[in-house]
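The values are calculated or read from the model by the stated rules, or taken from the named source; none is laboratory data. Note that the structure is predicted; figures quoted are calculated from it, not measured. Methodologically, a virtual Cβ is constructed for each residue, glycine included, from the backbone with ideal geometry; neighbour enumeration extends over all protein chains shown. Just the protein is used for accessible areas: all its heavy atoms, side chains included, with ligands, DNA and RNA removed. Shrake-Rupley method; radii C 1.70, N 1.55, O 1.52, S 1.80 Å.
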Amino acid sequence: MNEQLDDMYREIILDHYRSPRGRKPLEKADIKSDGSNPACGDEIEMQVEMDNDTIKDIHVNCKGCAISVASGSMLAEITKGKPIDEVRRIAELVRRMLKGEQVEIPDDLGDIDSLRGVQQFPVRIKCALLAWATLVEGLKSYEDGHKQASASTENDDDEHAE
Ligand code: ZN
């Protein structure tokens, strides 16, 4: 049964590897972030178009092994339309899953679960994390730039917790 599960996961990963999502370059990019994983030779270029704090569109161009490309493709699929905070939560979830922690992956992040098997191959964990680390880094510099630019403006956080 475990072998069947592995086969299913392998199919999902190969599908993303063969036809990666988010390959189309963006005309307007608010964030550009590059990353590499020298241990494996993976290289990634990312462009993100932001709508305030939400990822409006994302382009991922990863040249590397199947795991890094598939992970980047899943990232492109999942993070589009998501706010920064949520993307960060997802990236943390992926990181913990790959470190072997028992984490629940919500259904709407479906394909991410297929990377779970990577935890058995420590060398490959960096491959799977490359895209996520690159995006988080890009979002951080985007936020830092905004904080500087709007240092005197008030935080218009309108979520009033009881
Ligand atoms: Zn790799």
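Numbers at a glance
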{"quantity": "Only one of V69, V48 that is touching a Pro at 6+ places or on another chain (Cβ under 7 Å) and either touching a residue at least 40 places away in the same chain (Cβ under 8 Å) or closer than 25 Å to F121 by Cα (or both)", "calculated": "V69"}
{"quantity": "Condition met for K140 (modelled with pLDDT of 95 or more, open to solvent by 90 Å² or more (accessible area, probe 1.4 Å), over 21 Å from D7 (Cα atoms) and part of a strand (DSSP E or B))", "calculated": "no"}
{"quantity": "Test: G64 is closer than 21 Å to L26 by Cβ, more than 12 Å from the chain's Cα centre (by Cα) and modelled with pLDDT of 95 or more", "calculated": "yes"}
{"quantity": "Residue in the range 45-65 that is out of contact with any strand residue (DSSP E or B) (no Cβ under 7 Å at 6 or more places or on another chain) and either of a type in the set (S, T, Y) or at positive phi (or both) present", "calculated": "yes"}
{"quantity": "Among the residues listed as R124, R23, R116, R89, the single one being out of contact with any helix residue (DSSP H, G or I) (no Cβ under 7 Å at 6 or more places or on another chain), open to solvent by 40 Å² or more (accessible area, probe 1.4 Å) and more than 26 Å from D144 (Cβ to Cβ)", "calculated": "R23"}
